[in-house]
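Below: the structure, in structure tokens.
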Amino acid sequence: MRITDELILDLEEQSKIRLSDSRRAEFKSGMEEFLVRADEMTSLATDGVEPLYHLFPVTNVFRDDAVTNSDRSEKLLTNAPESKDRYFKVPQTLE
């Protein structure tokens, strides 16, 4: 892919920014350098190399997800200042 002045002007318009001529030239050369380096990366031999997902080995430290069917509502309601019909009773906030 070739970086053209029209492409840079289009990118400026899409990103709602305006670059000076010197910054536009700097941006253009930086983008061309990036594309050259990206092309170099595609020529690397990566056969047999495992993808790196994390820098460090990651293991799950969480407990197993076990389904329990316990109703703890009565125990939870003991923490409430007031309750009514298995619900927390709160002051009325709307009239």
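The values are calculated or read from the model by the stated rules, or taken from the named source; none is laboratory data. Values in this document were obtained by computation on a predicted structure and should not be read as measured data. Every residue, glycine among them, receives a Cβ derived from its backbone with ideal geometry; neighbour counts consider all protein chains shown. Accessible surface areas use protein heavy atoms only, side chains included; no ligands, DNA or RNA. Shrake-Rupley method; radii C 1.70, N 1.55, O 1.52, S 1.80 Å.
Please work out if Glu6 is assigned to a helix (DSSP H, G or I) and open to solvent by 100 Å² or more (accessible area, probe 1.4 Å).
In short, yes.
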Taking Leu76 as the residue in question, decide whether it is more than 30 Å from Thr4 (Cβ to Cβ) and either outside any loop (DSSP other than H, G, I, E, B) or touching a residue at least 40 places away in the same chain (Cβ under 8 Å) (or both).
yes
Answer residue from region 34-47, given it is within 18 Å of Arg2 (Cβ to Cβ) and more than 27 Å from the chain's Cα centre (by Cα) and is least open to solvent (accessible area, probe 1.4 Å) among those:
Val36
Any chance you could count how many residues in region 79-95 are hydrophobic (A, V, I, L, M, F, W, C), open to solvent by 100 Å² or more (accessible area, probe 1.4 Å) and either assigned to a loop (DSSP other than H, G, I, E, B) or modelled with pLDDT under 85 (or both)?
2
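Go through Arg37, Arg24 for me and flag whichever is touching a residue at least 12 places away in the same chain (Cβ under 8 Å) and outside any loop (DSSP other than H, G, I, E, B).
Being touching a residue at least 12 places away in the same chain (Cβ under 8 Å) and outside any loop (DSSP other than H, G, I, E, B) holds for just one of Arg37, Arg24, which is Arg24.
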